[in-house]
Amino acid sequence: MTYEITKEDFLFIVNKPRCRGTEIRNGNEKEGHENCGNCKGNYFVGGECNYGGRHTMEEELKQVNKNFEQFNGLVKKKGKISEAKSESKFQKRRDKLINEFQELKKKCDGEGKEFFQGSCIGLDGSQKGFTKKIKETFFLLAEGLKNYIRIVQNTTWEKIRIFRENLEKLEALSNKYTGLVKEYDNEKDPVRKAHLFALMAEKQKEIAGFRLELNKDPLFELFSKEKDEELNNIVKNIFHGDGQFFK
Ligand SMILES: [Zn+2]
């Protein structure tokens, strides 16, 4: 799932720098900014920036979206690790994923510069650096990715095997529970029904206990639905500050 960064996303993360001029919708670089030096110009209202490059947000948005493309497909690649049929395949896929995460982390260490290279979007108005908000966001993301990399690095073929077994066990327990519920629904005899109800409660308790146990396994966290969702939405979250990476 590819998330396209929108103009609204941009405006959300950027503290629009003030200038002495007037913003003119779709205006060219100097229009409304005749008395300014370097400034954002009409960049945020569909026109050109006044930093000398006559950049427009629409054009830069295309490039920035390209820069974020590397975040796509991380979930799929992560899934492939747990699906690997042999140890050598597993190792290859794991190393590839680690590399990719590390590359992204490196980019984030640069305070987002690499993602916004050459664009006016994140500039704080003096053209010297990015806004505090962008820097903070990428600092948090880099930290989040660091933790992620550590978990993936600690993943071994043996751990994956145990993880898979546990998943199967969990599924078997859930299936048993579902079976009991069906039986309960169809049962007419009150005594039998009460007995089935007790069995259901027991099974539920067993499942909850097993889940608690599984939650201690970092792999379970790594492959959880929540983590997948978080990675899937990472680009969107960068701009909106949602998700654990940014808390
Ligand atoms: Zn201006």
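Brief remarks on what is shown
- LYS40 falls short on exactly one of the conditions (1) within 28 Å of PHE138 (Cα to Cα); (2) more than 10 Å from the ligand (Cβ to nearest atom), and that condition is (2).
- Only a single criterion out of (1) modelled with pLDDT of 85 or more; (2) within 28 Å of ILE238 (Cα to Cα) is not satisfied by ASP9, namely (1).
- Selection within segment 2-25 - acidic (Asp, Glu) and within 16 Å of the ligand (Cβ to nearest atom): GLU23
- Some residue of segment 39-48 being polar (S, T, N, Q) and closer than 30 Å to LEU222 by Cα: no
- Residue ID - farthest from LYS133 (Cα to Cα), chosen from residues in segment 1-28 that are crowded, with 18+ Cβ neighbours inside 10 Å and touching a His at 6+ places or on another chain (Cβ under 9 Å): GLY27
- Residue in segment 186-199 that is of a type outside the set (Asp, Glu), in contact (Cβ under 8 Å) with a residue 60 or more places away in the chain and surrounded by 12 or more Cβ atoms within 10 Å (Cβ to Cβ) present: no
- Screening segment 117-223 for helices (runs of 4 or more DSSP H) wholly inside it with 2 or more residues that are in contact with a Cys (Cβ under 8 Å, 6 or more places away or on another chain) and either modelled with pLDDT of 85 or more or on the phi < 0 side of the Ramachandran plot (or both) returns the ranges 132-153.
- Yes/no for GLU59 being surrounded by fewer than 18 Cβ atoms within 10 Å (Cβ to Cβ) and either in a loop (DSSP other than H, G, I, E, B) or outside the structural domain of GLU229 (by TED's automatic domain parsing) (or both): no
- LYS30 meets all of the listed conditions (1) assigned to a helix (DSSP H, G or I); (2) more than 24 Å from GLU111 (Cβ to Cβ) but one, namely (1).
- Residue selected from segment 43-56 under the condition assigned to a strand (DSSP E or B) and over 16 Å from ASP9 (Cα atoms), by the criterion nearest to the ligand (Cβ to nearest atom): ASN50
The values are calculated or read from the model by the stated rules, or taken from the named source; none is laboratory data. Note that the structure is a prediction, hence the values are computed from the model and not measured. Positions of Cβ are generated from backbone atoms using ideal geometry, with glycine treated the same way; all protein chains shown enter the neighbour counts.
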